[in-house]
Amino acid sequence: MERAEAYGFSGAMSGAFLLSCLLFAAVSRRQRGPYMDEVFHVPQAQAYCHGRFLQWDPMITTLPGLYLLSVGVVKPAAWLLGWTGSVVCSVGMLRFINLLFSAGNFYLLYLLLFKIHQKNKAVSGFQRILSALTLAIFPTLYFFTFLYYTDPGSAFFTLFSYLMCLYGNHKTSALLGFCGFMFRQTNIVWTVFCAGNVVAEKLNEAWKIELQKKKDERISSRKGSFSDLTRVLQFLVEYLLSPKNLVALIALTWPYIILVSVFFGFVFINGGIVVGDRSSHEACLHFPQLFYFLSFTVFFSFPHLLTPTKIRKFLLSLRKHPVQFSLITVISLFLIWKFTYVHKYLLADNRHYTFYVWRKVFQRHELVKYLLVPFYIFAGWSFADALKSKSIFWILMYFVCLFAVTVPQKLLEFRYFILPFLIYRLNIPFLSIYRQLLELAFYILVNAVSFYLFLNRTFQWENSDEVQRFMW
């Protein structure tokens, strides 16, 4: 990192943290008590603060990573600073943990952008800083910086694990992956993703050698053709069936294999992936979740994915491959018809934005969900097109992980899209500074509206005296 870039990054991070502290004070002043899921998380953390480690709220569905880490930070800080009484493990103190995670996420995002795009000499330090700042205030994640939720910590350990994986520190990466798993069980998918990075790199090296042997460079340059995909899959099967190759891959990925084995042991002993209340978190094959994620990604990455050039390229591809797109359309319609699920929380809780998205869009008419298929197809094509700089093996590995982390979820919840979005956004090429500034301005606007609604547009339910607030 050059000196000017280091100063710029330090200034951006310090400024963002200062503004976050001011916003944190405003949120804490308006919402002093626990809100939404905090009514479960805060008492659980406070029980741990008082040494009651065997106490557990059965409504909590995640492992106790957040509470253990909170106690590990707050207790020593209270001892050093001489804090006593109710201030120790208060709501504000516990929420502040996520403010620290948010600063850590900013730093990790910058380091990841630097590492992933280090070969691209055209990217300036200003662009890296601007992109890291933009992702650090990604609205769905940034909102939960100011509440005591698992999301900022979950993102921190997952991003840290990914960074260590890219630097080849696989034992450290697996250990951090375990920390992420302790925050949210589905983060085990991103441990598989890290292992997949290693495997994809080796496969890509072997594939290049295979191409050189056959002197058939056309295969690598035409990733989109069906025949090339068939050849790649055939090569993949042959490579993975070789005992020599399998032994080599196991030797590289054994820390991740151990962690995944621990996960399966946990699932077996626990009787499922969810701890606590399982009735509202039943797994299912909810294929339209992929379509919702793609729509979510296009919305938050429109400077990257929704451009006139992209639309023209899509229409040209549509004209060149009508049979393939027709088949994709039929499959999409079938998946929506047979595998659309509506969770009871989605219909009942009018505090979440998803409630209004579902009511204003999908409930307008029974046919709306089918009429959106052309947009889903464009979103999927644009999404994949943005990843064309990655190897075909990386893309296959990422889509497997995306499938695993979204499809089993019955509830449409934007928080579930945070990590797959960040991983995707980190790996697509940089835009021009103008488009990056447009993306940053859009995130600032969305955050401003979100916090204005949360702080000022309160309402009450008929059967409750509690103040209700809009949130992600």
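The values are calculated or read from the model by the stated rules, or taken from the named source; none is laboratory data. The structure presented is a predicted model; accordingly, all values stated were derived computationally and were not measured. Here Cβ is always computed from backbone atoms with ideal geometry, including for glycine, and neighbour counts include all displayed protein chains. What goes into the accessible areas is simple: the full protein's heavy atoms, side chains included, and nothing from ligands, DNA or RNA. Shrake-Rupley method; radii C 1.70, N 1.55, O 1.52, S 1.80 Å.
A few notes on this one:
- In this structure, residue 425 does not qualify as modelled with pLDDT under 95 and either open to solvent by less than 50 Å² (accessible area, probe 1.4 Å) or farther than 23 Å from residue 112 by Cα (or both).
- Across the stretch 371-405, the number of residues qualifying as exposed (fewer than 14 other Cβ atoms within 10 Å of the Cβ) and over 21 Å from the mean Cα position of the chain (by Cα) comes to 3.
- Whether a residue is in a loop (DSSP other than H, G, I, E, B) and either touching a Gly at 6+ places or on another chain (Cβ under 8 Å) or basic (Lys, Arg) (or both) was assessed, and residue 115 does not pass this test.
- Contact annotation: residue pairs with Cβ atoms under 8 Å, 6 or more positions apart or on different chains, pairing a residue in the stretch 58-74 that is surrounded by fewer than 17 Cβ atoms within 10 Å (Cβ to Cβ) with a partner that is outside any loop (DSSP other than H, G, I, E, B), are 59/40; 68/48; 68/182; 73/97; 73/100.
- Filter result for residue 43 (over 16 Å from residue 154 (Cβ atoms) and either out of contact with any Lys or Arg (no Cβ under 7 Å at 6 or more places or on another chain) or open to solvent by less than 80 Å² (accessible area, probe 1.4 Å) (or both)): yes
- So residue 186, is it out of contact with any Cys (no Cβ under 9 Å at 6 or more places or on another chain), farther than 23 Å from residue 444 by Cβ, among the hydroxyl-bearing types (Ser, Thr, Tyr) and assigned to a helix (DSSP H, G or I): yes
- Pair list, Cβ under 6 Å, 6 or more apart: the stretch 378-398 residue under 15 Å from residue 429 (Cβ atoms), other residue open to solvent by less than 30 Å² (accessible area, probe 1.4 Å) and not in a helix (DSSP H, G or I): 386/428; 395/387
- Tally, over the stretch 183-213, of residues that are open to solvent by less than 40 Å² (accessible area, probe 1.4 Å) and of a type outside the set (S, T, N, Q): 16
- Candidate set from the stretch 333-353 (those that are of a type in the set (D, E, K, R) and open to solvent by 40 Å² or more (accessible area, probe 1.4 Å)); member that is nearest to residue 460 (Cα to Cα): 344
- Some residue of the stretch 146-161 being free of Cβ contacts under 8 Å to residues at least 60 places away in the same chain, polar (S, T, N, Q) and in a loop (DSSP other than H, G, I, E, B): no
- Residue within the stretch 77-85 that is part of a helix (DSSP H, G or I), surrounded by 12 or more Cβ atoms within 10 Å (Cβ to Cβ) and not hydroxyl-bearing (Ser, Thr, Tyr) present: yes
- Close pairs from the stretch 220-236: first open to solvent by less than 50 Å² (accessible area, probe 1.4 Å), partner modelled with pLDDT under 65 and part of a helix (DSSP H, G or I), Cβ under 8 Å, at least 6 apart: 228/219; 232/219
- Yes/no for residue 289 being open to solvent by 50 Å² or more (accessible area, probe 1.4 Å), under 24 Å from residue 398 (Cα atoms) and in contact (Cβ under 8 Å) with a residue 60 or more places away in the chain: no
- Looking only at the stretch 122-147, and only at residues there that are of a type in the set (S, T, N, Q) and buried (at least 18 other Cβ atoms within 10 Å of the Cβ), the one that is farthest from residue 23 (Cα to Cα): 127
- Residue match in the stretch 112-121 (condition: out of contact with any Cys (no Cβ under 9 Å at 6 or more places or on another chain), surrounded by fewer than 17 Cβ atoms within 10 Å (Cβ to Cβ) and on the phi > 0 side of the Ramachandran plot): no
- The lone criterion from (1) more than 22 Å from residue 190 (Cβ to Cβ); (2) at pLDDT 95 or above; (3) surrounded by fewer than 20 Cβ atoms within 10 Å (Cβ to Cβ) left unmet by residue 100 is number (1).
- Counted residues, the stretch 86-106 - those being over 18 Å from residue 143 (Cα atoms) and either among the hydroxyl-bearing types (Ser, Thr, Tyr) or assigned to a loop (DSSP other than H, G, I, E, B) (or both): 4
- Scan of the stretch 434-472 for residues that are part of a loop (DSSP other than H, G, I, E, B) and charged (D, E, K, R), ordered by number: 457, 462, 465, 466, 469
- Checked against the criteria, residue 51 counts as free of Cβ contacts under 8 Å to residues at least 24 places away in the same chain, open to solvent by 10 Å² or more (accessible area, probe 1.4 Å) and not in a helix (DSSP H, G or I).
- Just so you know, in the stretch 27-66 the residues that are among the aromatic types (Phe, Trp, Tyr) and closer than 22 Å to residue 269 by Cα include one that is farthest from the chain's Cα centre (by Cα), and it is 53.
- Residue list for the stretch 262-281, restricted to those being without any contact (Cβ under 8 Å) to a residue 12 or more places away in the chain and either touching a Lys or Arg at 6+ places or on another chain (Cβ under 8 Å) or open to solvent by 70 Å² or more (accessible area, probe 1.4 Å) (or both): 264, 268, 269, 272, 279
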